[in-house]
Amino acid sequence: QVQLVESGGGLVQPGGSLRLSCVASGSIFSIYRMGWYRQAPGKQRELVAIITNSINTIYADSVKGRFTISRDNAKNTVYLQMNSLKPEDTAVYYCNVVMQGTTHWGQGTQVTVSS
């Protein structure tokens, strides 16, 4: 069993910042990739950012230059620093971990950007 626990979501004004965290626990073996996806109401889940075990990163075009993904392998934790937030960033953000050919999801954390 693998558990992913996200934290750090909340309500923030446009232009503000939030930092999401996701801790993986349980039967953790050789995590290959960690990342964040998001799903806004009425829309499909979409990639936000991913980071591999070789620290290669991929970002959605909509967040490039504003969001930064990082990971702490010793803590099995992935972070998403979100700056210059926009109302269109409002969504439930899901942590994603890929290891040994299996994919695991967190339960999600709500991010709301509104004045």
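The values are calculated or read from the model by the stated rules, or taken from the named source; none is laboratory data. These numbers were taken from a predicted model, which means no experiment stands behind them. Quick reminder, even Gly has a Cβ in these numbers, built from the backbone with ideal geometry, and neighbours come from all protein chains shown. We work out accessible area using only protein heavy atoms, side chains counted, and drop any ligands, DNA or RNA first. Shrake-Rupley method; radii C 1.70, N 1.55, O 1.52, S 1.80 Å.
Brief remarks follow.
- Residue in segment 33-55 that is open to solvent by 50 Å² or more (accessible area, probe 1.4 Å), free of Cβ contacts under 8 Å to residues at least 40 places away in the same chain, closer than 17 Å to residue 94 by Cα and outside any loop (DSSP other than H, G, I, E, B) present: yes
- Residue within segment 73-87 that is surrounded by fewer than 18 Cβ atoms within 10 Å (Cβ to Cβ), β-branched (Val, Ile, Thr) and out of contact with any Cys (no Cβ under 7 Å at 6 or more places or on another chain) present: no
- The residue pairs whose first member lies in segment 77-96 and is in contact (Cβ under 8 Å) with a residue 60 or more places away in the chain and under 17 Å from residue 64 (Cα atoms), whose second member is of a type in the set (Phe, Trp, Tyr) and surrounded by 20 or more Cβ atoms within 10 Å (Cβ to Cβ), and whose beta carbons are closer than 8 Å, counting only pairs six or more residues apart or on different chains, are 80/36; 80/67; 80/93; 81/67; 82/67; 83/67; 93/36; 93/37.
- So residue 40, is it at pLDDT 95 or above and under 12 Å from the mean Cα position of the chain (by Cα): no
- Considering residues of segment 88-115 that are within 21 Å of residue 29 (Cα to Cα) and β-branched (Val, Ile, Thr) only, the residue surrounded by the most Cβ atoms within 10 Å (Cβ to Cβ): 97
- Taking the numbered list (1) in contact (Cβ under 8 Å) with a residue 24 or more places away in the chain; (2) more than 28 Å from residue 1 (Cα to Cα) in turn, residue 66 passes all entries but (1).
- Subset of segment 16-32 (residues that are open to solvent by 70 Å² or more (accessible area, probe 1.4 Å) and either of a type in the set (D, E, K, R) or in contact with a Leu (Cβ under 7 Å, 6 or more places away or on another chain) (or both)): 19
- Sole exception among (1) under 10 Å from the mean Cα position of the chain (by Cα); (2) closer than 23 Å to residue 113 by Cα for residue 34, by number: (2)
- Scanning segment 33-60 for residues that are closer than 11 Å to residue 106 by Cβ and touching a Leu at 6+ places or on another chain (Cβ under 6 Å) turns up 36, 37.
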